[in-house]
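Below is one structure, written out as structure tokens; the observations come after it.
The values are calculated or read from the model by the stated rules, or taken from the named source; none is laboratory data. Just so it is clear, the structure is predicted and the values come from calculations on it, not from any experiment. Counting neighbours? That spans all protein chains shown, and the Cβs are built from the backbone with ideal geometry, glycine included.
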């Protein structure tokens, strides 16, 4: 095939008939067959592949799942292995598609776990959501760079992760005080505080934890866009959600801080009495007890609170920020 004009065209682009073009959208209603033993969690980011097109996709809670024996529609908050559900999908760029009923090739897709690269689901694109074509990005004249330069600092999101009682909030608070004393512009997002407002409708199931981190990631992006050094203190137990937050930021803007405290030490501290309640069965889905914590594998900063005080840990973090040019 030879094109008459010089056009920037590459793998994933689609050529179609001018009189009958395919649609392009970034939000869809889709039918999904889940193929993984790990459940599909709303708000978690997966890779989506449709033909030669690839992108990042976030799935909302299923509208319903389908009983394959009776074809009955049943309520669902997630999809388990071999379950089929109707969901909305949001994608980070526009996909060219046809509804599956019209074209099986451009109307189908697979979902891939971005950490393991395993195919976890497949689905059928039904139609584009109307809101996908009615919302446009509004350009503004004052940039992130300009906002940061006014503050003589480089935007960053310091993401503190660790078990409950590890000392995340204490260390983040000390870091913010030291930055404030240096005249830097900051904001601290603490897990408990955010659950009093923005996320007060969320519980502590795996699905709710994923949505909790998704919302905080979006808030952190806005604060970094304002030129702030944002400190995020959340347990954030799953690597996939921390990776989602990292991927949402420009290169170098996300700094993962692993507050490394063994479970037995965190439980011994038990400042809020939560471990005692969890052991007594009064709190369900408690991280480290009956819900897993996946420690970082390549955090930019790791602090061991058994060996270091909060002040020493804060100084270690400030030294990292200084050396990497965030404070100038």
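Given the residues 157, 120, which is the only one that is touching a strand residue (DSSP E or B) at 6+ places or on another chain (Cβ under 9 Å), in the same structural domain as residue 103 (by TED's automatic domain parsing) and at pLDDT 95 or above?
120
What's the number of the only condition in (1) at pLDDT below 95; (2) within 24 Å of the chain's Cα centre (by Cα); (3) within 19 Å of residue 169 (Cβ to Cβ); (4) not in a loop (DSSP other than H, G, I, E, B) that residue 231 fails to meet?
All conditions are met except number (1).
From the set of residues in the stretch 279-297 that are exposed (fewer than 14 other Cβ atoms within 10 Å of the Cβ) and touching a residue at least 24 places away in the same chain (Cβ under 8 Å), which is nearest to residue 260 (Cα to Cα)?
So the residue we want is 295.
Residues checked against (1) free of Cβ contacts under 8 Å to residues at least 24 places away in the same chain; (2) closer than 28 Å to residue 209 by Cα:
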| site | (1), (2) |
| --- | --- |
| 62 | no, yes |
| 70 | yes, no |
| 74 | yes, yes |
| 114 | no, yes |
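So which of 174, 120, 157, 96 ends up being part of a strand (DSSP E or B), touching a residue at least 60 places away in the same chain (Cβ under 8 Å) and more than 20 Å from residue 45 (Cβ to Cβ)? First the steps, then the outcome.
Working: 174 fails: part of a strand (DSSP E or B); 120 fails: more than 20 Å from residue 45 (Cβ to Cβ); 157 fails: more than 20 Å from residue 45 (Cβ to Cβ).
Unique residue meeting the criteria: 96.
Just to confirm my filter: which strands (runs of 3 or more DSSP E) fall fully inside the stretch 4-85 and include at least 2 residues that are within 21 Å of residue 239 (Cβ to Cβ)?
Here the list reads 45-50, 53-59.
Consider residue 262 against the criteria (1) over 22 Å from residue 301 (Cα atoms); (2) more than 16 Å from the chain's Cα centre (by Cα): it satisfies all of them except one. Which criterion is unmet?
Result: residue 262 passes all but (1).
Within the stretch 304-315, how many residues turn out to be in contact with a strand residue (DSSP E or B) (Cβ under 6 Å, 6 or more places away or on another chain) and part of a helix (DSSP H, G or I)?
Final tally of qualifying residues: 1.
Taking the criterion of being farther than 30 Å from residue 9 by Cα, surrounded by fewer than 19 Cβ atoms within 10 Å (Cβ to Cβ) and modelled with pLDDT of 90 or more, would at least one residue in the stretch 39-49 satisfy it?
Among the residues of the stretch 39-49, at least one is farther than 30 Å from residue 9 by Cα, surrounded by fewer than 19 Cβ atoms within 10 Å (Cβ to Cβ) and modelled with pLDDT of 90 or more, which makes the answer yes.
Take the stretch 218-228 and flag every residue that is surrounded by 23 or more Cβ atoms within 10 Å (Cβ to Cβ) and within 13 Å of the chain's Cα centre (by Cα).
Passing the criteria: only 220.
Can you report the number of residues in the stretch 234-269 which are assigned to a loop (DSSP other than H, G, I, E, B) and crowded, with 16+ Cβ neighbours inside 10 Å?
Qualifying residue count, the stretch 234-269: 8.
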